[in-house]
1. Name the residue that is surrounded by the most Cβ atoms within 10 Å (Cβ to Cβ), counting only residues in segment 14-33 that are under 12 Å from residue 92 (Cα atoms) and touching a Gly at 6+ places or on another chain (Cβ under 8 Å).
2. Consider residue 57 carefully, then state whether it is surrounded by 17 or more Cβ atoms within 10 Å (Cβ to Cβ) and under 16 Å from the mean Cα position of the chain (by Cα).
3. Do you know which residues across segment 2-36 are more than 19 Å from residue 74 (Cβ to Cβ), in a loop (DSSP other than H, G, I, E, B) and hydrophobic (A, V, I, L, M, F, W, C)?
4. If you check residue 41 against the conditions, is it farther than 22 Å from residue 92 by Cα, open to solvent by 40 Å² or more (accessible area, probe 1.4 Å) and assigned to a loop (DSSP other than H, G, I, E, B)?
5. Residue 98 versus (1) open to solvent by 50 Å² or more (accessible area, probe 1.4 Å); (2) more than 21 Å from residue 58 (Cα to Cα): which is the lone unmet condition?
6. Out of 76, 63, 123, report the one residue that is under 21 Å from residue 3 (Cα atoms), out of contact with any strand residue (DSSP E or B) (no Cβ under 7 Å at 6 or more places or on another chain) and not in a helix (DSSP H, G or I).
Amino acid sequence: MYISSLIRTRYTAEGLFGPGEYQVLPEISEVPMRSCRDTGRLHSPFFWKAMSRIQWLCNNPRQPEIRHDTFRRVEQVLEELEKRGEDCTLVTHGFLIKSLTFILKKRGYRLTGNSLFGIANLQTITAEK
């Protein structure tokens with residue numbers, strides 16, 4: 001079982017599978033965000049998150065990681081895991097899950113439990129090739 005380096009991912013894994021040994025895989029950590037612009041104006045957290053994700057989607061270099069780089073990171077992780085040839089569980093969060101499911105579909109995996117719009121807490125998605 002692989003988890004990202006975020007502490008909340010360990011909590012999620014323990015919520016799903018109970019206490020245990022989990023291997024940290026930093027490459028499956030959440031997609032980082034930065035504000036969409038430098039300003040002294042106050043905006044809602046929703047505004048900042050939405051705008052930074054739009055910039056990510058458009059490959060705007062203001063973001064610490066652009067969509068192209070996220071997809072490449074996910075591809076590399078999947079390449080390595082496929083080389084191992086074993087079933088595994090990945091526990092991660094948010095935007096990385098959506099990127100992961102997109103790449104899995106592109107690589108010919110069949111997904112169950114995947115939602116088109118959002119990810120619920122403790123939601124599980126199964127991928128089979």
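1. Result: 31.
2. Working: surrounded by 17 or more Cβ atoms within 10 Å (Cβ to Cβ): no; under 16 Å from the mean Cα position of the chain (by Cα): yes.
Considered against the rule, which asks whether it is surrounded by 17 or more Cβ atoms within 10 Å (Cβ to Cβ) and under 16 Å from the mean Cα position of the chain (by Cα), residue 57 comes out as no.
3. 36
4. On the way: farther than 22 Å from residue 92 by Cα: yes; open to solvent by 40 Å² or more (accessible area, probe 1.4 Å): yes; assigned to a loop (DSSP other than H, G, I, E, B): yes.
Considered against the rule, which asks whether it is farther than 22 Å from residue 92 by Cα, open to solvent by 40 Å² or more (accessible area, probe 1.4 Å) and assigned to a loop (DSSP other than H, G, I, E, B), residue 41 comes out as yes.
5. Looking at each condition in turn, residue 98 falls short on (2).
6. Values: 76 fails: not in a helix (DSSP H, G or I); 63 fails: under 21 Å from residue 3 (Cα atoms).
Residue meeting the stated conditions: 123.
The values are calculated or read from the model by the stated rules, or taken from the named source; none is laboratory data. What you see is a predicted model; the values in this text were computed from it and never measured. For neighbour counting, all protein chains shown are included, and Cβ atoms are generated from backbone atoms with ideal geometry for every residue, glycine included. All accessible areas refer to the heavy atoms of the entire protein, side chains included, with ligands and DNA or RNA removed. Shrake-Rupley method; radii C 1.70, N 1.55, O 1.52, S 1.80 Å.
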